[in-house]
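Chemist: Dumping the structure here so I can ask a few things about it.
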Amino acid sequence: MTEFSPEPSDMSLNEDPSLNRPINAPRRTWRKREWLLSVVVVSACTMIASLLSPYLELADLVMIYLLGVVVTASRSSTWPSLFTTLLSIAAFDFFFVPPYYTFAVNDIGYVVTFAVMFIVSFVISRLTLRVRQQADASRLRERRTASLYDLSRDLVRERDTTRLSEIAVKHIEEVFGSLVVILVPRELNRLVISAKSSAALVLDEQELSAAQLAFEQHQSAGLGTDRQPGVKTLYLPLIASAGTVGIVGIRPGTDTDAFDREQLHYLEAFVNQTAMAIERAFLADETHHALLKAETESLRNTMLSSISHDLRTPLTAVTGAVSTLLQNDIALDTHNRLELLETIQEEAQRLNRTIKNILDMTRLESGAIKVNKEWQSLEEIVGVVLNRLGDRLNTHPVQVKLPGNLPLIPFDELLLEQVFMNLFENAIKYTPEGTPLELSASESLYTVTVQLADHGPGVPHGEEERIFEKFVRSRTTGGGVGLGLAICRTIINAHGGKIWMENRPGGGAVFRFTLSAAGLPPLPKVEEGLEDR
Amino acid sequence: MPKEKELILLIEDEPQMRRFLRITLQTQGYRLVEAANAQEGLLQATTRNPDVVLLDLGLPDLDGLEVTKRLREWTQTPIIVISAREQEQDKVKALDAGADDYLTKPFSAGELLARIRVALRHVARQIAGKQEPVFALHNLRVDLAQRQVFIDNTEVHLTPIEYKLLTVLIRHAGKVITHRQLLREVWGPAHGNEVQYLRVYMTQLRHKLENDPTRPRFLMNEPGIGYRLKYDPD
């Protein structure tokens with residue numbers, strides 16, 4: 001029978017073109033092709049019937065036409081089917097009922113034949129049509145369920161609102177063949193476009209106000225509704241458990257104006273899925289922010305308590321010493337006087353160091369300090385630090401072992417000075433008086449490793465990493481803000497190096513950090529005649 | 001008092017800083033003129049003709065670099081800039097623009113007085129118009145006429161550049177010299193940015209002249225700024 005179909009592949013049941021159309025596209029019920037099919041099928045039936053007529057009774061020829069009606073009905077809608085029925089009767093009358101080649105009928109009995117033929121054909125075509133429509137409907141349902149499933153499967157994988165919107169837009173656009181836009185509320189509940197199906201979709205003031213209306217009233221607005229129906233887009237609220245989380249705007253293709261009830265119903269399912277996904281993303285975001293806020297809060301509290309302690313302690317000492325000195329009625333001998341003055345000086349210096357650390361950390365973190373790498377000599381910077389520490393190192397003899405052939409290496413000398421200062425101050429603070437410190441450096445594979453070893457108590461097992469965190473300090477007395485090592489780590493990391501601490505087998509701690517020594521500085525030519533002046 | 005002591009112009013907007021400096025300087029016998037902002041300071045400089053200017057870099061009305069430039073338009077009076085730690089760049093700019101030295105807050109009275117002494121000494125020597133033929137510091141002795149360098153009376157051989165570097169440092173003894181100034185004086189104006197040259201030669205010089213190069217006693221590095229031959233004449 002296939003030769004009767006003008007386009008066989010198009011006409012096969014599994015690939016009914018009506019099913020590949022977007023669901024909202026107009027069903028052109030009386031398409032030309034169906035009418036053509038009627039004519040073709042009836043002509044074919046007539047040809048077969050005329051070929052077989054010498055061998056068959058007229059009643060049998062009717063069967064051929066009935067077969068044609070079934071074929072047409074299985075592929076066309078009501079009117080072409082009816083047309084086929086009538087055309088079949090006409091052709092049968094014209095070609096096979098005497099007198100031949102006229103529509104006149106000799107025997108009145110044929111009228112009964114025609115009537116029966118019409119009724120049978122009509123019933124067959126109706127039944128065939130219904131069966132086909134049911135199959136269509138269930139296929140459509142199946143397809144809708146599948147696309148809904150696709151949507152929810154894709155949505156589940158994402159957490160980001162924008163990505164979710166993009167996915168929903170893509171799916172709705174595909175299924176409904178429309179331009180789609182998703183808007184989410186930002187500051188002051190003003191809607192902004194989160195995703196849209198094409199750049200061509202531009203929302204003017206009027207469109208936006210319809211969307212805003214849908215959002216505020218939690219009801220659909222725009223095209224086909226009674227709220228701002230003048231616009232070209234239908235706006236549906238994305239309603240989740242906590243309220244409206246956004247708006248889906250859907251603008252149908254140009255050849256139809258509104259969505260029918262069934263399509264709306266179906267659209268609703270998509271919108272609900274999207275709403276739930278976006279709400280989930282919102283909630284996840286909120287949780288994340290809440291956590292972050294809590295962390296910041298606790299960090300700020302730790303910082304405030306430790307900073308206020310570290311600023312207040314030296315201030316108290318200074319104020320106390322000064323007030324004693326100012327009280328003339330207290331008899332102070334020269335020694336006590338000097339001691340008070342020294343206290344003032346030491347505590348003021350400590351205050352200065354604390355403030356410097358706090359400032360440095362703040363500036364490092366805010367990015368106000370840029371790493372300014374230049375070719376530097378490690379020996380020189382060590383010299384600066386040892387000189388600057390001066391008398392404070394009297395209690396901790398320092399042994400320096402730097403290889404004589406250490407190259408110039410690129411680093412920021414002010415920042416590295418800070419690293420050395422903090423490491424030394426740390427050692428002075430946490431190791432017993434009189435214990436020596438050893439500073440050494442070595443180079444291998446274009447990496448210079450610097451290490452400062454002490455003979456103090458070391459660090460409790462498992463704390464080796466933690467001590468580089470902000471506001472972490474030893475439980476023993478005399479600690480600073482707990483920023484020194486955090487600053488070291490920030491600086492060394494910014495240089496592309498690593499800093500870590502190990503407990504020494506024999507007791508004591510060793511702090512190591514690395515700096516890249518790759519590359520060669522542009523150096524002046526070696527002078528000729530070294531001894532010549 | 002045999003002779004009236006030098007006049008110092010203090011340009012500083014913080015009253016408590018002025019109070020501290022006033023007491024410190026007056027107890028040392030210096031005469032003092034105070035100015036609370038740059039305009040007043042510039043005016044005082046022209047009318048009083050001070051021997052040393054102490055200039056705070058964080059003035060409210062004009063930045064310290066500008067004040068330095070305006071002063072240098074007409075006077076060679078030593079300028080010592082006072083700055084907070086965060087102002088490394090400002091410090092270097094002021095020094096390159098002609099300031100003689102700097103102090104970083106907080107500083108001690110000792111440091112302040114030493115800087116002033118060095119500045120005054122340089123002025124005195126410029127007026128006298130001649131340099132001592134022999135420079136001695138710790139165990140270092142440099143015979144500038146004979147171009148000979150001794151450590152503990154043993155002659156040390158320096159390369160021409162090392163020697164030149166040392167003489168420039170001696171000429172500015174006690175004062176800070178920025179990298180740029182030092183590079184220009186030793187290598188010439190085309191080499192103002194090759195700080196790594198300095199690093200290499202200063203290291204060599206330290207190894208030849210200092211007992212312990214990691215704890216220099218006079219060839220001092222001033223991170224981010226330059227070098228200083230540590231020297232206090234008194």
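The values are calculated or read from the model by the stated rules, or taken from the named source; none is laboratory data. Source: prediction; values computed, not measured. Glycine gets a Cβ as well: all are built from the backbone with ideal geometry, and neighbour counts include every protein chain shown.
Chemist: Those residues that are out of contact with any Leu (no Cβ under 7 Å at 6 or more places or on another chain) and facing chain A (nearest Cβ under 9 Å), I need them from the stretch B:201-216; list them, please.
Modeler: B:Thr203, B:His207, B:Asp212, B:Pro213, B:Pro216
Chemist: It is to be established whether one or more residues within the stretch A:218-232 are under 19 Å from A:Lys170 (Cα atoms), of a type in the set (Lys, Arg) and either surrounded by 16 or more Cβ atoms within 10 Å (Cβ to Cβ) or modelled with pLDDT of 85 or more (or both). Please lay out each step first, then the result.
Modeler: Restricting attention to the stretch A:218-232, the residues satisfying the condition of being under 19 Å from A:Lys170 (Cα atoms) are none.
No, every residue in the stretch A:218-232 fails to be under 19 Å from A:Lys170 (Cα atoms), of a type in the set (Lys, Arg) and either surrounded by 16 or more Cβ atoms within 10 Å (Cβ to Cβ) or modelled with pLDDT of 85 or more (or both).
Chemist: Tally time: how many residues in the stretch B:147-180 are more than 10 Å from chain A (Cβ to nearest Cβ) and either over 20 Å from B:Val123 (Cα atoms) or hydrophobic (A, V, I, L, M, F, W, C) (or both)?
Modeler: Selection size over the stretch B:147-180: 16.
Chemist: Would it be correct to say that A:Ile330 is away from chain B (no Cβ under 13 Å) and over 49 Å from the mean Cα position of the chain (by Cα)?
Modeler: Yes; evaluated as a whole, the condition is true for this residue.
Chemist: Check B:Leu198 against each of (1) closer than 22 Å to B:Ala97 by Cβ; (2) at the interface with chain A (Cβ under 10 Å from one of its Cβ atoms); (3) assigned to a strand (DSSP E or B); (4) not small (Gly, Ala, Ser) and name the one condition it does not meet.
Modeler: Unmet for B:Leu198, out of (1) closer than 22 Å to B:Ala97 by Cβ; (2) at the interface with chain A (Cβ under 10 Å from one of its Cβ atoms); (3) assigned to a strand (DSSP E or B); (4) not small (Gly, Ala, Ser): (3).
Chemist: Restricting to the stretch A:315-349, give me the number of residues that are at pLDDT below 85 and either of a type in the set (A, V, I, L, M) or part of a helix (DSSP H, G or I) (or both).
Modeler: 3
Chemist: A further question on this structure: With the requirement that a residue be of a type in the set (S, T, N, Q) and either buried (at least 17 other Cβ atoms within 10 Å of the Cβ) or under 20 Å from B:His172 (Cα atoms) (or both), what does the stretch B:59-101 give you?
Modeler: Scanning the stretch B:59-101 gives B:Thr68, B:Thr75, B:Gln76, B:Thr77, B:Ser83, B:Gln87.
Chemist: Among the residues of the stretch A:370-393, write down those that are more than 9 Å from chain B (Cβ to nearest Cβ) and of a type in the set (A, V, I, L, M).
Modeler: Once the filter is applied, which keeps residues that are more than 9 Å from chain B (Cβ to nearest Cβ) and of a type in the set (A, V, I, L, M), the stretch A:370-393 yields A:Val371, A:Leu378, A:Val385, A:Leu389, A:Leu393.
So that you can scan it fast, the table gives a plain yes or no per residue for (1) in contact with a Gly (Cβ under 9 Å, 6 or more places away or on another chain); (2) closer than 27 Å to B:Asn193 by Cα; (3) of a type in the set (Gly, Ala, Ser):
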{"site": "B:Gln76", "(1), (2), (3)": "yes, yes, no"}
{"site": "B:Val81", "(1), (2), (3)": "yes, yes, no"}
{"site": "B:Gln87", "(1), (2), (3)": "yes, yes, no"}
{"site": "B:Lys91", "(1), (2), (3)": "yes, yes, no"}
{"site": "B:Asp96", "(1), (2), (3)": "no, yes, no"}
{"site": "B:Leu103", "(1), (2), (3)": "no, yes, no"}
{"site": "B:Ala109", "(1), (2), (3)": "no, no, yes"}
{"site": "B:Leu113", "(1), (2), (3)": "no, no, no"}
{"site": "B:Arg121", "(1), (2), (3)": "yes, no, no"}
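Chemist: For the stretch A:394-425, enumerate the residues that are in a helix (DSSP H, G or I), of a type in the set (A, V, I, L, M) and more than 10 Å from chain B (Cβ to nearest Cβ).
Modeler: Matches in the stretch A:394-425: A:Val419, A:Met421, A:Leu423.
Chemist: In the stretch B:13-30, which residues are in contact with a Lys or Arg (Cβ under 6 Å, 6 or more places away or on another chain) and free of Cβ contacts under 8 Å to residues at least 40 places away in the same chain?
Modeler: B:Gly29
Chemist: Tell me, please, whether a residue that is within 14 Å of chain A (Cβ to nearest Cβ) and touching a helix residue (DSSP H, G or I) at 6+ places or on another chain (Cβ under 9 Å) can be found in the stretch B:132-140.
Modeler: No, the stretch B:132-140 contains no residue that is within 14 Å of chain A (Cβ to nearest Cβ) and touching a helix residue (DSSP H, G or I) at 6+ places or on another chain (Cβ under 9 Å).
Chemist: Condition first: without any contact (Cβ under 8 Å) to a residue 60 or more places away in the chain and of a type in the set (A, V, I, L, M). Now tell me which residues in the stretch B:55-82 satisfy that.
Modeler: Within the stretch B:55-82, B:Leu55, B:Leu57, B:Leu59, B:Leu62, B:Leu65, B:Val67, B:Leu71, B:Ile79, B:Ile80, B:Val81 qualify.
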